[in-house]
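Take a look at the structure below.
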Amino acid sequence: MVAMKLRLSLLQEVVGHVKRQHAVLISANSMSNLFHTRLVSLAASNTKPSEATCKSQKLMLELGLIAPSSPGCFHYLPSTVRSLTKLNQLIDKAMVAVNAQKIEVPILSSGELWKTSGRWMDMGAELFRLKDRHEADYCLGATHEEAVTKLVASQGVGSYKSLPLRLYQITKKFRDERKARYGLLRGKEFYMKDMYTFDASEEAARETYEAVCEAYACLLRQIQVDYVKGNLQGFYCNIYSVIFIAANQFEDCLHLSRGEN
């Protein structure tokens with residue numbers, strides 16, 4: 001019986017090894033067949049040296065991860081799409097841990113909704129505005145606070161026992177940057193993860209904030225990204241700054257203190 005179990009165990013190990021090797025071969029074959037741009041120098045690409053303003057953008061272009069479409073807009077090629085899919089899965093897992101629910105919102109937003117909030121004019125030239133055939137105002141979503149707030153208000157949340165309500169979405173945002181640069185870091189079209197929470201009290205809102213901050217911290221540690229959590233002006237307002245040396249080009253200056261504060 002012991003020998004039979006041992007042989008069975010060994011057989012399972014061999015089968016497992018074969019499966020793993022087969023998976024590696026399939027993976028390698030799939031990677032070799034992926035559509036990507038040719039590995040070319042920046043000088044041989046369609047991007048002018050002056051347009052590639054940071055090291056990360058140059059590397060992504062040269063390695064065929066992205067391809068320029070128009071100023072501030074890029075094609076995401078298969079390897080990049082795969083990475084984004086995996087990252088979204090990690091984000092989803094982190095959000096489920098804090099009882100958040102994922103939604104999708106329209107990219108096209110009603111101009112009347114933005115006018116009601118006052119941000120139709122406040123956003124200035126960065127907001128992409130357009131009209132439909134009936135001359136109604138619309139904009140390409142630069143952010144979606146208005147849309148989600150209207151959604152929750154129209155549907156209601158039942159009683160206070162239904163709170164907190166935590167909703168998030170990962171969609172493309174659009175901003176008409178005066179000077180698009182830094183590749184995916186400062187483009188006219190980009191992906192953003194946003195979260196909107198509705199709580200029964202200020203104390204509950206604080207608890208939500210702390211829980212979500214911890215979820216973000218766990219996620220950043222999981223993907224092994226060096227970051228600094230800084231304070232902004234306002235009530236419970238923080239910014240997570242990624243220490244990204246490879247970019248070698250920055251718009252802001254980040255001052256770090258070695259002291260406890």
Legend entry - Top-ranked residue in the range 26-67 [being among the charged types (D, E, K, R) and at pLDDT 70 or above; ranked as most open to solvent (accessible area, probe 1.4 Å)]: 55
Inset, instruction - Hey, can you tell me all the residues within the range 133-192 that are surrounded by 15 or more Cβ atoms within 10 Å (Cβ to Cβ), over 19 Å from residue 117 (Cα atoms) and basic (Lys, Arg)? - result: 166, 181, 186, 188
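One line per residue, one yes/no per condition, for (1) crowded, with 17+ Cβ neighbours inside 10 Å; (2) among the charged types (D, E, K, R); (3) assigned to a helix (DSSP H, G or I):
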position: 69; (1), (2), (3): no, no, no
position: 74; (1), (2), (3): yes, no, no
position: 80; (1), (2), (3): yes, no, yes
position: 83; (1), (2), (3): no, no, yes
position: 89; (1), (2), (3): no, no, yes
position: 93; (1), (2), (3): no, yes, yes
position: 106; (1), (2), (3): no, no, no
position: 109; (1), (2), (3): yes, no, no
position: 114; (1), (2), (3): yes, no, yes
Inset, instruction - Please indicate, with yes or no, whether at least one residue in the range 230-248 is modelled with pLDDT of 90 or more and in contact with a Leu (Cβ under 9 Å, 6 or more places away or on another chain). - result: no
Legend entry - Any hit, the range 206-229, residues being of a type in the set (A, V, I, L, M, F, W, C), assigned to a strand (DSSP E or B) and open to solvent by less than 50 Å² (accessible area, probe 1.4 Å): yes
Inset, instruction - Only residues in the range 128-149 that are touching a residue at least 40 places away in the same chain (Cβ under 8 Å) count as the first member; pair them with residues that are open to solvent by 30 Å² or more (accessible area, probe 1.4 Å) and of a type in the set (Gly, Ala, Ser), Cβ under 9 angstrom, at least 6 apart or cross-chain, and list the lot. - result: 145/117; 147/110; 149/117
Inset, instruction - Take residue 121 and decide whether it is in a helix (DSSP H, G or I) and either at pLDDT 95 or above or open to solvent by less than 50 Å² (accessible area, probe 1.4 Å) (or both). - result: no
Legend entry - Which listed residue, of 260, 203, is at pLDDT below 70, among the charged types (D, E, K, R), farther than 28 Å from residue 107 by Cβ and open to solvent by 50 Å² or more (accessible area, probe 1.4 Å): 260
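The values are calculated or read from the model by the stated rules, or taken from the named source; none is laboratory data. Bear in mind the structure is a predicted one, so any value in this text is a computation, not a measurement. For neighbour counting, all protein chains shown are included, and Cβ atoms are generated from backbone atoms with ideal geometry for every residue, glycine included. These accessible areas exclude ligands, DNA and RNA; they are computed on the full protein's heavy atoms, side chains included. Shrake-Rupley method; radii C 1.70, N 1.55, O 1.52, S 1.80 Å.
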